[in-house]
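One structure is given here, and the rest of the page talks about it.
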Amino acid sequence: MAHISVKVDGTSYQGEVEPRKLLVHWLREDIGRVGTVVGCDTSNCGACTVLLNGRSVKSCSVLAVQADGCEVTTIQGLADGNDWHPVQTAFKECHGLQCGYCTPGMVMAAVDLLSENPTPSESEIREGLEGNLCRCTGYHNIVKSVSYAADLMSAGPAKGAK
Amino acid sequence: MIPVEFDYVKATSIDQALAALKSGGEDSKIISGGQSLLPVLRLRMAEPSVLVDCGGIDEMLGVRDDGDSITIGAATTHHGVMSNSLVQKHALLLAQATATVADPAIRHRGTTGGALAHADPASDIPAAALALDTSFVIAGPGGRRTVAAKDFFLDYFTTAVGPDEILVSFSIPKCDWGSSYSKFNRTAQAWAIVGVAAVVNVQGGVIKEARIGLTNMAPTAVRASTVEAALVGASSPADITAAAMHAADGTRATSDLHAQADYREHLARVITARAVRAASGI
Ligand SMILES: Cc1cc2nc3c(=O)[nH]c(=O)nc-3n(C[C@H](O)[C@H](O)[C@H](O)COP(=O)(O)OP(=O)(O)OC[C@H]3O[C@@H](n4cnc5c(N)ncnc54)[C@H](O)[C@@H]3O)c2cc1C
Ligand code: FES
Ligand code: FES
């Protein structure tokens, strides 16, 4: 077992983990952050995307021990109390989801994309989200959501987005 | 799935990593970004007893200017490499190839040195490294040695880096020639069916010299030497197309569920002409 200390959504957690434990399993099973989901076994789908020290990663493809000393932001850490993050608001307004399984990862990938490129074109949004698969929407409303989120974030004081 | 049990060592220096590899015996393995290794472990296609994490060794991180060349730490992430100003200025081809790897999240974790050491024949990085005349610094129990690009890639998933060794860094002679990485794949985030890495020295509208690396046309990335020779003196799109007809010469393309070998050979010819035209502006 290895000792790890990780800050998740603003709270510090300490724990003993088996080195083989994937970060996504630690988040879900050990500290109850079940908002982040697993969709595949091949690192392809992006459903498990979180921010690790501010950048998007697939939490099924990082060991929990590798996150020792790092900060993790999950979908559950985006809202500020009852105030949603603009990307969450935009997904609701633009109906950027159907079954919602891909949504936690899509939203986190979109937050990362907008932090690097606050005014992405449609093709930049599609490229930026290429690591996230959606089996329902056909992507159009997801692209609209991210574009609308960019508008919201440039209009108001950018809040919460790292 | 969940990987088999293993021990984990977070190395902070090359010496410590080498010692951990040695004491772990033949089942010990390096992990850098884990973006190739963790999917393999999750499918239980590998069962290492010890993972030695080289992702946090200072000496293996970042890009430095060495005068005539730039040196890239093997554990620098794909994202770190493609967004680095030295790479963009002096080895643009590497930035272009790296930008086509996987997706942003994988590029935030996966390392360019890891891709080179892994040597997947479909990886985009080895062909760019060949075209850029890269040399590799390898550390092992007997000290350090430098290996030239032509001697680095040996076979499928096999390089000059031995099981008890570590790829520390790689160096690229500064290159201000025109460059292009052209990758053919059918879906977003997919590996190359064929990829072509080209750097071309054009003077007065005439190609003086070209270096071309091919992805996924053999068990390792290869140079398209016949095309390189045929391109000298080329000055028109027709000249380039004629030279690119040799792109499949001497290659050993395979057939798999993505493409038949003869289709790959056809693609190599077409994509080589595209890459050279983009790189040369002709
Ligand atoms: C969905 C998906 C799509 C991908 N698409 C592409 C693509 O289109 N093009 C592409 O080029 N790649 C692609 N990749 C692979 C990606 O480039 C990996 O990041 C890279 O191949 C491995 O780098 P890593 O640091 O993650 O290595 P790891 O996974 O940590 O290690 C890979 C192997 O290399 C060895 N190794 C790692 N570092 C060293 C070192 N410094 N010295 C000695 N040995 C070392 C390890 O022991 C292991 O055997 C993809 C990966 C995934 C999951
Ligand atoms: S669960 Fe599919 S990429 Fe992580
Ligand atoms: S909304 Fe169902 S997978 Fe995307």
Checklist line | Flag for B:G113 being surrounded by 23 or more Cβ atoms within 10 Å (Cβ to Cβ) and either modelled with pLDDT of 95 or more or within 14 Å of ligand 1 (Cβ to nearest atom) (or both) | finding: yes
Note to self: Among the numbered criteria (1) within 10 Å of another protein chain (Cβ to nearest Cβ); (2) within 13 Å of ligand 2 (Cβ to nearest atom); (3) open to solvent by less than 60 Å² (accessible area, probe 1.4 Å), which one does A:A2 miss?
What the structure shows: (2)
Margin query: For the structure I just gave you, tell me whether A:T74 is of a type in the set (V, I, T) and within 14 Å of ligand 2 (Cβ to nearest atom).
Written below: yes
Checklist line | Selection count where residues are part of a helix (DSSP H, G or I) and open to solvent by less than 40 Å² (accessible area, probe 1.4 Å), scope region A:131-149 | finding: 5
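Here is a yes/no grid of residues against (1) within 14 Å of ligand 3 (Cβ to nearest atom); (2) away from every other protein chain (no Cβ under 14 Å); (3) modelled with pLDDT of 95 or more; (4) within 13 Å of the chain's Cα centre (by Cα):
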position	(1), (2), (3), (4)
A:Q98	yes, yes, yes, no
A:P104	yes, no, yes, yes
A:A109	yes, no, yes, yes
A:I125	no, no, yes, no
A:C134	yes, no, yes, no
A:T137	yes, yes, yes, no
Item checked: Hits in region B:116-136 (condition: open to solvent by 20 Å² or more (accessible area, probe 1.4 Å), in contact (Cβ under 8 Å) with a residue 60 or more places away in the chain and either assigned to a helix (DSSP H, G or I) or not charged (D, E, K, R) (or both)) -> B:A117, B:H118
Next item on the list: Sort out which residues of region A:12-29 are open to solvent by 60 Å² or more (accessible area, probe 1.4 Å) and within 14 Å of chain B (Cβ to nearest Cβ), and write them in order of number.
Entry: A:E16, A:E18, A:R28, A:E29
Next item on the list: Return the pairs, sorted by first residue and then second, in which the second residue is of a type in the set (D, E), the first residue lies in region B:201-219 and is surrounded by fewer than 17 Cβ atoms within 10 Å (Cβ to Cβ), the beta carbons are less than 8 Å apart, and the residues are 6+ apart or on different chains.
Entry: B:E209/B:E228; B:P219/B:D155
Check: Only one residue in A:V38, A:V6, A:V34, A:V24 is more than 20 Å from B:L38 (Cα to Cα), in the same structural domain as A:G69 (by TED's automatic domain parsing) and not in a strand (DSSP E or B). Which one?
Finding: A:V34
Next item on the list: Identify the single condition in (1) closer than 22 Å to B:I138 by Cα; (2) facing chain A (nearest Cβ under 9 Å) that B:G25 does not satisfy, given that it satisfies every other one.
Entry: (2)
Notebook entry, point to check: Hey, among the residues in region A:89-130 that are charged (D, E, K, R) and either without any contact (Cβ under 8 Å) to a residue 24 or more places away in the chain or within 16 Å of ligand 2 (Cβ to nearest atom) (or both), which one's least open to solvent (accessible area, probe 1.4 Å)?
Noted result: A:D112
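The values are calculated or read from the model by the stated rules, or taken from the named source; none is laboratory data. Predicted model only: the values in this text are computed from it and were never measured. Methodologically, a virtual Cβ is constructed for each residue, glycine included, from the backbone with ideal geometry; neighbour enumeration extends over all protein chains shown. For the accessible areas, the whole protein counts, side chains as well, though only heavy atoms, and no ligand, DNA or RNA atoms are used. Shrake-Rupley method; radii C 1.70, N 1.55, O 1.52, S 1.80 Å.
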